[in-house]
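Following: one structure in C-alpha cells, then a few remarks.
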C-alpha cells in the first residue's frame, strides 16, 4: 500500500498546551478484519488523546462552549454524572483551567477510574451500583437542582457533545479517507454517532451507513447503553442511524481479545463490541471503507480480568459499568 494512499503524517505535532493536543488521532487499517480484498476496515484510535479516550474531545467542547457563553468563570464548580472516561477527561480540563470538579458515578466502577479521577483532583460522589449510569444521572440532576451554584455540562443533553464530533472527529475521517461506506460506533451518550453521522451523511448521503452497536436487552456491555433501559439521552436522534445491531458481553470480550492477539490493539471492551459489528457490516459489502471507533484502550479495565482470565471464568464480571 502506497504512502500516498495512507496519507502518513509525522507523529506528534506542536501545541501550546495539553488541551490543544486533543484530537488528530490515527486511522489504522486492520487487514485481518477485512473479509474480502475490496473491503477495508479502519480503526479510529481515540486512546491517543491525552487522558486516553474519545471523551477528551467531548470534555473540551463542553467546557469551551460554557466559557464562550459566559456560563463558567474562574473558580466555578462543575458537576457531571459519569462512570469513567468523561469524568476523567473533565478532571484534566478542569485541573488545567482552574475549575472545581465533582463527578457522580456508580460505586462499582473499576479502581483504575477512581484512581485517575483522584489523581486529577476531582471529588467523587457515588451513586447506587445497581442503577448503573442512569442512577448517576438521576443523582447529579438532584444535586444540581438543589444547589444552583453548580454548573453541569450534562453530556447527555448538551449539543456541544455531538458538535465535538461533527466539527472534529468526522472532519478528520474525511481528511483521512476519500470515501466511507459505513461508520460504526457504540451507543453510549449518542454524541459520536450523531456528530459523525450527520457530517458523513452531508458528505456522502445515503451511500454511507451509520451503524450503532447496542447491547442485547438484559445483557449490559461495558461502555455501551441499551435504549431499553428507560433513558434515551436527549441528544440522540434515531433518524440519523441506518441500523442498530445488538451485541453481547461475550461478543465484546471475544473481539477485545481478538484485536489484542491478532491486530496488536489494546482496547476497552466497548471497542471489542464495536469491532464485532464493524466486521459484520464489512462482510455484507463487496467494496468500500468501514470505519469504527476505538473509544479507549484497556488500561482502565485491567482489574476486571477480561484480558487474561479464561472465558468460562468471566461470568462474574460486572458489565453494568458505563463510561
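Since every read-out is calculated from the coordinates, none of them should be taken as a lab result. All of these numbers come straight from a predicted model, not from anything done at the bench. Reconstructed Cβ throughout: ideal geometry from the backbone, glycine too, with neighbour counts over all protein chains shown.
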Which angle from 0 to 90°, rounded to the nearest 10, does the C-alpha axis of helix 55-68 make with the longest principal axis of the chain?
50
Show log10 I(q)/I(0) for region 159-254 at q = 0.11, 0.13, 0.21 Å⁻¹, two decimals, from a solvent-free Debye sum over equal Cα scatterers.
-0.32, -0.44, -1.02
What full-extension length gain, to one decimal in nm, is calculated for residue 141 and residue 287 as 0.36 nm per residue of separation minus the Cα-Cα distance?
47.9 nm
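How do 120, 15 line up, fewest other C-beta atoms within 10 Å first?
Details: 120 19, 15 11.
Taking fewest neighbouring Cβ atoms as first place, the list is 15, 120.
Taking neighbour counts of Cβ atoms within 10 Å as a proxy for exposure, in what order, fewest first, do 300, 244 appear? Kindly include the intermediate steps, with their values, before the conclusion.
On the way: 300 27, 244 14.
Result, fewest neighbours first: 244, 300.
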Specify the angular offset, from 0 to 90 degrees and rounded to the nearest 10, of the alpha carbon long axis of helix 191-204 from the longest principal axis of the alpha carbons in the chain.
40
Spin-label zone in region 166-188 - amide nitrogen under 13 Å from a point set 7 Å from the Cα of residue 243 along the C-beta vector:
181-185
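Among 165, 40, rank each residue by its count of other Cβ atoms within 10 Å, from fewest to most, as a rough exposure measure. Don't skip to the end; give the middle numbers.
Working: 165 27, 40 21.
Fewest-to-most Cβ neighbours within 10 Å comes out as 40, 165.
Where does region 84-238 land on Rg/Rh, using Cα atoms and the Kirkwood Rh?
Numbers: Rg = 16.9 Å, Rh = 17.0 Å.
Value, to two decimals: 1.00.
How large is the helix-only mean residue ellipticity at 222 nm for the chain, computed as the sum of -39500 (n - 2.57) over DSSP H runs with n ≥ 4, divided by its residue count, in deg cm²/dmol to the nearest 500? Before the final figure, lay out each step's value.
Values: 10 runs with 112 residues, N = 323.
Calculated at 222 nm, the ellipticity per residue is -10500 deg cm²/dmol.
Which semi-axis lengths, in whole Å and largest first, follow from the square roots of five times the eigenvalues of the Cα gyration tensor of region 74-149?
So the equivalent ellipsoid measures 19, 16, 7 Å along its semi-axes.
Quote to one decimal, in nm, the extra length available between residue 216 and residue 67 on full extension: 0.36 nm per residue of separation minus the C-alpha distance between them. Show your work: numbers first, answer last.
Working: separation 149, 0.36 × 149 = 53.64 nm, distance 3.87 nm.
Between residue 216 and residue 67, full extension yields 49.8 nm more.
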The distance between the Cα centres of region 270-313 and region 43-97, in whole Å, is 25
